[in-house]
1. Name the pairs: first residue in the range 107-136 and in a loop (DSSP other than H, G, I, E, B), second residue modelled with pLDDT under 95 and more than 12 Å from the ligand (Cβ to nearest atom), Cβ to Cβ under 7 Å, at least 6 apart or on different chains?
2. Specify the residue that is farthest from the ligand (Cβ to nearest atom); the eligible residues are those in the range 137-147 that are assigned to a strand (DSSP E or B) and in contact with a helix residue (DSSP H, G or I) (Cβ under 8 Å, 6 or more places away or on another chain).
3. Just for the range 54-106: of the residues that are of a type in the set (S, T, N, Q) and assigned to a helix (DSSP H, G or I), which one is surrounded by the most Cβ atoms within 10 Å (Cβ to Cβ)?
4. Within the bounds of the range 47-67, is there any residue that is closer than 22 Å to residue 155 by Cβ and either of a type in the set (Ser, Thr, Tyr) or more than 14 Å from the ligand (Cβ to nearest atom) (or both)?
5. List every residue pair whose Cβ atoms sit under 7 Å apart, with the two residues 6 or more apart in sequence or on different chains, where the first one lies in the range 1-15 and is under 18 Å from residue 184 (Cβ atoms) and in contact (Cβ under 8 Å) with a residue 40 or more places away in the chain and the second, anywhere, is of a type in the set (Val, Ile, Thr) and not in a strand (DSSP E or B).
6. Among the residues of the range 92-117, which ones are near the ligand (Cβ under 8 Å from one of its atoms) and not aliphatic (A, V, I, L, M)?
7. Would a scan of the range 12-24 turn up a residue that is within 10 Å of the ligand (Cβ to nearest atom), surrounded by 23 or more Cβ atoms within 10 Å (Cβ to Cβ) and assigned to a loop (DSSP other than H, G, I, E, B)?
8. Condition check: among the small types (Gly, Ala, Ser), touching a residue at least 24 places away in the same chain (Cβ under 8 Å) and surrounded by fewer than 22 Cβ atoms within 10 Å (Cβ to Cβ). Does residue 161 satisfy that?
Amino acid sequence: MTLVIAVDGPAGSGKSSAAKGAARALGLRYLDTGSMYRAMTWWMLHTDVPIDDPEAVAAAAVTPVIEVGTDPDAPTVCVDGADVSAPIRTREVSNAVSVVSSVPAVRRRLVELQRDIIGAGGIVVEGRDIGSVVAPDADLKVFLTASDEVRARRRAKDLRSDPAATVDVTLAEQARRDRLDSTRKDSPLAMAGDAVEVDSTALSLDEVVEMIVRLAKERQ
Ligand code: DC
């Protein structure tokens, strides 16, 4: 199947669960592009690259080998052969990732990798700029949103092992990340003109997945 489905939206909108669920239901591969920006950021923090210096970030961006698996039941992400699936989800990485991903050299490198993985299609791809930049010819583009409050609650639940990640702290960190992601110069978070906007505030995960599957079948 050559179908390409783009799922974009802000932090905590439920993209990952919805995109994975749709990929499973349709027998497609799944690509989490956010995990690639997180892996790049984790590596920069780990190797002491000064992330507030865009030139240093751009020069370093060519170095790490980033590999992602596309099985929706077991998505993996490795940097230089090491599995970084857990450390890329920390608040330290979440709070640094928008700055690193605003550097054009980082985006160029990762978008090239993403297009290689998308290849001939058969994949659900989630991110911020998939429908607008990475795969502008995608068969279906979904832009997933939810209220700020609901998104912060979802993320705080994901971060429950971190006692500092209260709903209020998560709400503030999320607002900062949304602002940086949607105001950066290079391929900001944006809804493609031909995307279908889905507000998941009052929807269950199953309802969102069903909606994506129905829309995908209509486009096939
Ligand atoms: O989806 P996520 O929260 O794991 O994404 C982490 C960050 O990566 C997000 O705040 C901005 C960046 N990102 C991006 O710039 N472009 C994408 N296609 C995906 C993520």
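The values are calculated or read from the model by the stated rules, or taken from the named source; none is laboratory data. Every value quoted in this text rests on a predicted model; they were computed, and no experiment measured them. Glycine gets a Cβ as well: all are built from the backbone with ideal geometry, and neighbour counts include every protein chain shown.
1. What qualifies is 120/2; 121/2; 122/1; 122/2.
2. Here the answer is 140.
3. Among residues in the range 54-106 that are of a type in the set (S, T, N, Q) and assigned to a helix (DSSP H, G or I), the one surrounded by the most Cβ atoms within 10 Å (Cβ to Cβ) is 101.
4. no
5. Sorted first by the residue in the range 1-15, then by its partner, the pairs are 8/130.
6. 94, 98, 101, 102, 107, 114
7. Yes, the range 12-24 contains a residue that is within 10 Å of the ligand (Cβ to nearest atom), surrounded by 23 or more Cβ atoms within 10 Å (Cβ to Cβ) and assigned to a loop (DSSP other than H, G, I, E, B).
8. no
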